[in-house]
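J.: Take a look at this one; I'll ask things after.
We did not get these values from a lab; they are worked out from the coordinates using the rules stated. Quick caveat: nothing in here was measured; it's all calculated off a predicted structure. Positions of Cβ are generated from backbone atoms using ideal geometry, with glycine treated the same way; all protein chains shown enter the neighbour counts.
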Amino acid sequence: MLFPEADHHQKRLLLPLSKGFTRIALGADSAIKIVPVGINYTHHRSFGGSVSISYGKPISTLGYQNGDPQDYRLLRNEVNLQMQKLITCIPDDANYQVLEDHLNLTPTVYLDPQYCNQWVSQVDPENLPIVSQVKKPARFRSWARALSFLLNFPPILLCNQALRKIKDPVFTGSIKFTTGIILLPIYYLLLTLMVYTIWSFEGAIAVIALCVLTLLARKWSLNY
């Protein structure tokens, strides 16, 4: 698996593809097939984001092994074209932020790149209403976040401390993922033992269930 952009960023678009993957593909002893893949997400920095993976039609290198120096460029252009169909591509111009703000109102649409790209190509940014940069969460969302933080604050605090030391926001999701698979299980185990010792086994199960349910409620509030 290769990431031909060879860089990371936060904008919903495809960077110019590097030349390295074409050299690998056309340097093979025989023709191979390249499968374009698009990864789409609702929000990569907030907890509970959803991800969809789209697969394109395999691209054979058979027609690009003619010994012509332009074969590398043609193959890169073909892969670039197919990948643009598999991810949300908002033109990187003066209207980028306006279009992204409107799509962010319903982030689940990002999971369908075909719909997003069709909407972007047809809409007139100048006729779109201005979207407020700050959206006040509904009362349920506020309670979900507050209760989720109250019941899970030790690992959340440790996660926030780690995030302050990481200057590149692209790695936010990786830090939170690590928190979820390492710190949360340890915290839940210690919490279960503590509640079981001072209360009962049923009470421990109830507390852990409430912790998990508030995290799920937080995920729901962020996605919708």
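J.: Could you give the length gained by full extension between Phe171 and Thr106, i.e. 0.36 nm per residue of separation minus their alpha carbon distance, to one decimal place?
T.: Values: separation 65, 0.36 × 65 = 23.40 nm, distance 2.34 nm.
Length gained between Phe171 and Thr106: 21.1 nm.
J.: Enumerate the amide H contacts of Ile34 below 5 Å, restricted to partners 5 or more residues apart or on another chain; note that Pro and chain-start residues carry no placed amide H.
T.: Ile59, Ser60, Thr61
J.: For the charge dipole of segment 20-127, defined by +1 on Lys and Arg C-beta atoms and -1 on Asp and Glu C-beta atoms about the Cα centroid, which residue among Leu86, Leu75, Ala28 has the Cα displaced farthest towards the positive pole?
T.: Towards the positive end, the residue furthest out is Ala28.
J.: Okay, helix-only estimate at 222 nm for the chain: each DSSP H run of n ≥ 4 adds -39500 (n - 2.57), divide by all residues, round to 500 deg cm²/dmol; what do you get? Don't skip to the end; give the middle numbers.
T.: Values: 9 runs with 111 residues, N = 224.
That comes out to -15500 deg cm²/dmol.
J.: Whole number please: convex hull volume per residue, Cα atoms of the chain, in Å³.
T.: On the way: hull volume 38.0 nm³, N = 224.
That works out to 170 Å³ per residue.
J.: If you don't mind, there's one more thing I want to ask. Ratio of segment 25-121's C-alpha Rg to 2.2 N^0.38 Å, to two decimals?
T.: Ratio of Cα Rg to 2.2 N^0.38 Å: 1.33.
J.: Quick one: Met194, Met1, fewest Cβ neighbours within 10 Å first, how do they rank? Provide the component values of the computation, followed by the final result.
T.: Values: Met194 12, Met1 4.
With the fewest neighbours first, Met194, Met1 line up as Met1, Met194.
J.: Only helices at least 27 Å long along their axis, Cα-based, and averaging 1.0 or more on Kyte-Doolittle count here, so list those DSSP H runs from the chain. Don't jump to the answer; show the numbers that get you there.
T.: Working: long enough: 201-223 (33 Å, 1.33).
Long hydrophobic helices here: 201-223.
J.: Quick one: plug the Kirkwood hydrodynamic radius of segment 139-223 (C-alpha pairs) into Stokes-Einstein at 37 °C, 0.692 mPa s, and report D in µm²/s.
T.: Rounded to a whole number, D works out at 238 µm²/s.
J.: Test of understanding: in a Gaussian network model of the chain with alpha carbons linked when under 10 Å, which of Ile87, Ile34, Ile24 would top the mean-square fluctuation ranking?
T.: Evaluated over the chain, the most mobile residue of the options is Ile24.
J.: While we're here: Could you put His8, His44 in order, starting from the residue whose Cβ has the fewest other Cβ atoms within 10 Å? Walk me through the intermediate numbers first.
T.: Details: His8 10, His44 16.
Going from least to most buried by this count: His8, His44.
J.: Let me ask something additional. Over the chain, what is the mean sequence separation of C-alpha contacts under 8 Å (at least six apart), divided by residue count, expressed as relative contact order in percent?
T.: Relative contact order here is 22 percent.
J.: Also: Among all stretches of the chain without exposed trypsin sites (Lys or Arg not before Pro) (DSSP loop, at most 16 other Cβ atoms within 10 Å), which one is longest? Mind showing how you got there, number by number?
T.: On the way: sites that count: Lys11, Lys19, Arg45, Lys85, Lys135, Lys167.
In short, 168-224.
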